[in-house]
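Colleague: Input: one structure, supplied below.
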């Protein structure tokens, strides 16, 4: 610690603090117009001048050293600060000092006694209002550079620059032209950091930034991806005026992305469902909640009468809160009497849960994401976090720019791959071979940890025997990755002091996705870089949806109870039965794909789909629709009339994440609070209330009347969550699991003493490489990979109902120039994509992100029909669909092509 004096007040600060930190520690506020705590200090504006042992220095760039005497109130230095601020203000128009509540410059002028008429400039440089979320008033720009540094140093997009000379210097998009056409990804960081109001968010939130603490704000957790950003929602007259990233957010640290920050326009969409709908004579009509609940109860009784408990099933939601997922699975198990409950992790990270459990014992990442800051080698596999998890992507990029080596393994050259030390581009479906090739080099060149492997791991002999068949040369033949690159990647990872592995759906959504997770987990086990050894970060899956981790944690799975107790294990059932007072079925229930098969065969008589548009996001969508039409009772809980809802018998309007209370679990196992900011529209209700209402209509009492009570009850069912409560999370901000007792901290780093497997050891996997379910041939010569783009989220039900649609207006098919030439396609022309399963109509985008023979598209616009292309192939262990490998062919689109499916707009499954 460093001790010094500021204006006669003793101050003690940690090493590395600045004089600005010291001054602020005394409660004195200095103007610092070029400074933001999230940025490296610049010291260019000279508005934070102080005396330090008689010298005049800029406080933001001067280190706080021991025994220093600092004076901020000296008349001379105060006048220097005043002159510096007045000079900056004098070049601006009068409106620059009109709002001291939202402008740092105006507040500094007020505090220093600088009159408003000081701002008398007339620069007339104009405005740029082309972007839906970011407006630029060039006349208010003081060229402080904060926005430029925020874009580069925090976001890592490098979209902004300063142009012009002298007094004419102003911020501008680096590509030239209007802001909307630039590389800006609308994270809002420039809005937050601008000290003058030159860059603002239009609309009711204009002028609001995360530096302020307006009284009408509600702190909550983002409901888009699984990063778990902490957000402050500013509410005016029961409407969201702005969403601001919380500066003390444990994961986002004052940062956000376009979705969490700006994509809340769907809340007020005229298409929101506001009352229940019932099907009569083939048509959905408005109804009361009493009618709707009675229809559901009657349908469930009929299903139970005709087919027994296993004739009923529910698809719970990774969009719903933990407490809602807990209540859904409890309803199925104790009221209906079946384990037929699943959630949309089946479509994405079910292989993560299965693979990580098999390797280490628990269905979550091994280490907290904060520890990636200490990693000296990042291995990012099958993920595009720059677009799919922008806040994580930004932090990973900054770590790489700070010196960590970066290896990206992905077929596409996107996002982090552009900054990688090494980009491995395996053919889709060959992950297992690639991971074995890397492991072969680690073992062959002695880059393993013999002590760790001897004391804390099993399976080395079997794996070593297998790896003999995977030298880099053979792996190169399978994957297309050059043998030398495999060796280089293995050496970067193997020689690092603290390597980290992060992966995404490019590992899991394959025929052998669980094998992919397990063989990737071999790498940190071989290196001894897992289990709290201090020699590495371990491995972490980047979860796609806000609560895809929590939905499974809460037991919304056909074979696992809350806390991952197997339904086949007597002790796990006994714990649940002791709390619930009801027997728990011991036979595992149906997975989502099995539900659809059972419906088509007449065995499933009632299906409740909560927050997932299965007709838009599940594979082979035509067959999914057939299953819904065959099922006598289909209930859909939704925000909008999705394609799935159009097949329903009862449609229930429910609350979004901004309209309810509870908790989410993010990708690194942190429980975080969700708080209601505004009321849901019309008679829409939270899923928590809806499940209670249906149970009551069947004469059952689920107990736990509030979300807080539900989480507390879940803690009694499983020791994994016994120490969690809303009160504790409110107090601590975020609590990771396992958390076994209220007086014990949650485990940030897993397996510090032993792994959670039956023998306490990490298990190496010797699974051989097996080919994907589909491979290109003469009839279908291209491989289609699906994924996400930065402006939208899943099937776009929320992001397409707002300004994001102006940023990305339609689905595109990315393809290499060689393939474009072969099929006679130009950039921007319509293209028809055909597989063995269906066809889709997209717009061609020609570029070099993909290798020849591969094409890529997203699924944010269901009307394009992308999911009609995908096959029924699924992971052999978990039934996760093989979304990443589909054989297709192309042709220029024509008017004769069949119409695409009707646009679907649901709260959908994780992709």
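Colleague: Please label the shape of the range 350-541 as rounded, prolate or oblate, based on the square roots a ≥ b ≥ c of the eigenvalues of the alpha-carbon gyration tensor (a/c under 1.5 means rounded; beyond that, a/b larger than b/c means prolate, else oblate).
Modeller: In terms of gyration-tensor shape, rounded.
Colleague: Would you mind telling me the antiparallel percentage of the DSSP bridges in the chain, rounded to 5?
Modeller: Approximately 55 percent, going by the DSSP bridge assignments.
Colleague: Sticking with this structure for a sec: Taking the Cα-to-Cβ direction at residue 810 and at residue 3 and moving 7 Å from each Cα, how far apart do the two end points lie in nm?
Modeller: 7.1 nm
Colleague: Going by how many other Cβ atoms sit within 10 Å of their own, how do 419, 510 line up, fewest first?
Modeller: The fewest-first ordering by Cβ neighbours comes to 419, 510.
Colleague: Report the gain in length on full extension from residue 744 to residue 66: 0.36 nm times residue separation, minus Cα-Cα distance, nm rounded to one decimal.
Modeller: Fully extending the segment from residue 744 to residue 66 adds 240.4 nm.
Colleague: Once you keep just the Cα pairs under 8 angstrom separated by 6 or more residues, what percentage relative contact order results for the range 350-541?
Modeller: Normalised by residue count, the contact order of the range 350-541 is 32 percent.
Colleague: Out of the DSSP beta bridges found with both residues in the range 2-97, what percent are antiparallel (nearest 5)?
Modeller: Expressed as a percentage, antiparallel bridges in the range 2-97 total about 85.
Colleague: Just to verify a number: FRET efficiency for residue 418 and residue 281, C-beta to C-beta distance, R0 = 45 Å, to 0.05?
Modeller: About 0.20, to the nearest 0.05.
Colleague: Separate question: Fewest Cβ neighbours within 10 Å first, please rank 380, 170 accordingly.
Modeller: 170, 380
Colleague: With contacts defined as alpha carbon pairs under 8 Å and 6 or more residues apart, what's the relative contact order of the range 2-97 in percent?
Modeller: 30 percent
Colleague: A follow-up question, please. Angle, helix 621-630 long axis vs. longest principal axis of the chain, Cα atoms, 0 to 90°, nearest 10?
Modeller: 60 degrees
Colleague: Note the angle between two axes, namely the Cα long axis of helix 75-90 and the longest principal axis of the Cα atoms of the chain, as a number of degrees from 0 to 90, rounded to the nearest 10.
Modeller: Helix 75-90 and the main axis of the chain meet at about 60 degrees.
Colleague: With r as the distance between the Cβ atoms of residue 727 and residue 305 and R0 = 35 Å, compute the FRET efficiency 1/(1 + (r/R0)^6) and round to 0.05.
Modeller: Once the sixth-power term is evaluated, E becomes 0.20.
Colleague: Sticking with this one: Remind me, relative contact order of the chain in percent, using alpha carbon pairs under 8 angstrom and six or more residues apart?
Modeller: Worked out over the chain, it gives 14 percent.
Colleague: Sticking with this one: If each of residue 778 and residue 484 carries a label point 7 Å out from its Cα toward its Cβ, how far apart are those two points in nm?
Modeller: For the pair residue 778/residue 484, the computed spacing is 3.7 nm.
Colleague: At 0.36 nm per residue, minus the direct Cα-Cα distance, what do residue 26 and residue 401 gain on full extension? Give it in nm, one decimal, please.
Modeller: Roughly 131.6 nm would be gained on extension.
Colleague: Let me ask something else about it. When the helix-only estimate is applied to the chain (DSSP H runs of n ≥ 4, each -39,500 (n - 2.57), divided by the residue count), what is the mean residue ellipticity at 222 nm, nearest 500 deg cm²/dmol?
Modeller: -7500 deg cm²/dmol
Colleague: Then there is this: Length gain on complete extension for the stretch residue 891 to residue 444, per 0.36 nm per residue less the alpha carbon to alpha carbon distance?
Modeller: 156.2 nm
Colleague: So, by mean Cβ neighbours within 10 angstrom, what's the order for 138-151, 691-704 with the highest one leading?
Modeller: The packing order, highest mean first, is 138-151, 691-704.
Colleague: Follow-up question, since we're still on this one. Rounded to the nearest 0.05, what FRET efficiency do residue 270 and residue 124 give with R0 = 51 Å and r taken as the Cβ-Cβ distance? Could you check?
Modeller: About 0.80, to the nearest 0.05.
Colleague: Let me ask another. On C-alpha positions alone, give me the angle between the axis of helix 570-580 and the longest principal axis of the chain, in degrees, nearest 10.
Modeller: Roughly 70 degrees between the two axes.
Colleague: Ranked by Cβ crowding within 10 angstrom, fewest neighbours first, how are 526, 33, 162 ordered?
Modeller: Listing 526, 33, 162 from fewest to most nearby Cβ atoms yields 162, 33, 526.
Taken together, the values in this text are just the output of simple stated rules run on the coordinates, not laboratory data. Bear in mind that the values here come from a model prediction, so they are computed numbers and not experimental data. No Cβ is skipped: glycine too gets one built from the backbone with ideal geometry, and neighbour counts run over all protein chains shown.
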